[in-house]
1. Which three semi-axes in whole Å describe the equivalent ellipsoid of the chain, each the square root of 5 times a Cα gyration tensor eigenvalue, listed largest first?
2. Amide H of Ala94 versus every other amide H placed in the peptide plane: which residues, excluding those fewer than 5 positions away on the same chain, fall under 5 Å?
3. If you plug each phi of segment 363-376 into the Karplus form 6.51 cos²θ - 1.76 cosθ + 1.60 with θ = phi - 60°, what whole-Hz ³J(HN,Hα) values come out, in order, with x for Gly and Pro?
4. Is the shape of segment 257-307 rounded, prolate or oblate, going by the alpha carbon gyration tensor and its root eigenvalues a ≥ b ≥ c, with a/c under 1.5 for rounded and a/b larger than b/c for prolate?
5. What whole number of Å gives the distance from the Cα centroid of segment 282-355 to the Cα centroid of segment 188-242?
6. Fewest to most neighbouring Cβ within 10 Å: what's the order for Tyr188, Tyr210?
7. Tell me which chymotrypsin sites (Phe, Trp or Tyr not before Pro) from segment 282-384 have a DSSP coil assignment and no more than 11 other beta carbons within 10 Å of their own.
8. Could you please state, rounded to a whole Å, how far the C-alpha centre of segment 37-103 is from the C-alpha centre of segment 133-160?
Amino acid sequence: MEPPRPASGAGTAGVPWYLPAVLVASLCVIVGVMWDISWHSTIGRDTFWTPAHMAIYLGGLLAGLACGWLVLTTSLGSTAAHADTVRFWRVFYAPLGAWVCIWGTFAMLTSAPFDNWWHNAYGLDVEILSPPHTVLALGIAAIQLGALLMTLALQNRAGGDEAPRYRLLYAVAAGLLFLNATIMTTEYHRRVLMHAPVFYEVACLVFPFYLVTLARGSRLRWPTTAVTAVYTVVMLAMVWILPLFPATPRLGPIYQTVTHMVPPDFPLLLLAPAIVLDLIFQRAPPSLRGWRLAAVLGAAFLVVFLGTQWAFGYFYNSPASANWVFASDNYYYALPKTAYAYRHVFPPVRAGALVRGLVVALVLAVVSSRLGLACGDWLRRVKR
């Protein structure tokens, strides 16, 4: 086994300068996205130069400029500085994550005029993933993935006193990347869908892959718990901070009286399945691997997530949760009063459809976990 090597560019005094920059950029873009969703739910389409948009593109520029400078300083540095980097065009050198961040910045900047034209031509989006938002989402995901890869390479090379520091920073980067995945699936995780099969099908398709992948790449003892804790903390901060700011709708039709920024839904209870997944990773015998391990992980995720989220749904989709802690009265201003969400009622679902949906969710969870194991094993080998 190769012994740990000192992280390139890292001294005993602290982490490399570019790592905080890309982590702040990752946080900035994801907070900007959540702020922008709240802006559309509260105010509607205003101008392109909204504070939420500026937060998103500020994060993109910060990542691009920091990684661009890193490319220049590394490429013009000594031959020793080229170690643990990826060469591009035979001239430029930088960590793999830096190249991913730079691509993400270009994608984000490309999406900006596209999004502005789209809104002027078609008005307010009715879904999160419109074509320009898809380009933007890919750019944001690339910046967050780049931050993760840069942290991961340092974690995998670090030894001694440096190791705990990079393990924690990796958990932060992983949590922000996972948060982006949860936002992109928001349409399928509304509280009124907590007793519908699509809620669990989409969750089992996406979440086990991310959680298993990120956990396998981590060197922490409780990696999945750490990732979901980052997700939960950021979500709670947005749920509780956004309503502190007054705002009113500026675009019709207006069906709801909105006086403050509309917060997102309360975070999903992913800490419960995360703890179970960590226990499985810790106690699974060496013979339990591949598809057998994926089957255990996928089934455990579905059972625990279904039990906690289904039970929580009874409370969360009731008027009793309409308070500042759970904020289930976060009505979009254009939501009619006949909607299920406003009436706190679950749409009817037949028992047969629910059973079939849960069987599909189980299969998706197992396949998702297996892909996560494969990708996670690759993450453990990243050192550049």
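1. Values: eigenvalues 258, 159, 55 Å².
Output for the chain: semi-axes of 36, 28, 17 Å.
2. Those qualifying (amide H under 5 Å, at least 5 residues apart or on another chain) are Val86.
3. 4, 4, 5, 5, 5, 4, 5, 5, 5, x, 4, 5, 5, x
4. Values: a/c = 4.42, a/b = 3.58, b/c = 1.24.
In terms of gyration-tensor shape, prolate.
5. If we compute the Cα centre of each part, the gap is 11 Å.
6. Numbers: Tyr188 16, Tyr210 23.
Listing Tyr188, Tyr210 from fewest to most nearby Cβ atoms yields Tyr188, Tyr210.
7. On the way: sites: Trp291, Phe301, Phe305, Trp310, Phe312, Tyr314, Phe315, Tyr316, Trp324, Phe326, Tyr331, Tyr332, Tyr333, Tyr340, Tyr342, Trp378; in loops: Trp324, Phe326, Tyr331, Tyr332, Tyr333.
Passing sites in segment 282-384 are Trp324.
8. Cα centroid of segment 37-103 versus Cα centroid of segment 133-160: 11 Å apart.
FYI, it's all coordinate maths here, none of it is from the lab. The model shown is predicted, which means the values in this text are computed figures rather than measured ones. When we count neighbours, we look across all protein chains shown, and the Cβ atoms used for this are built from the backbone with ideal geometry, even at glycine.
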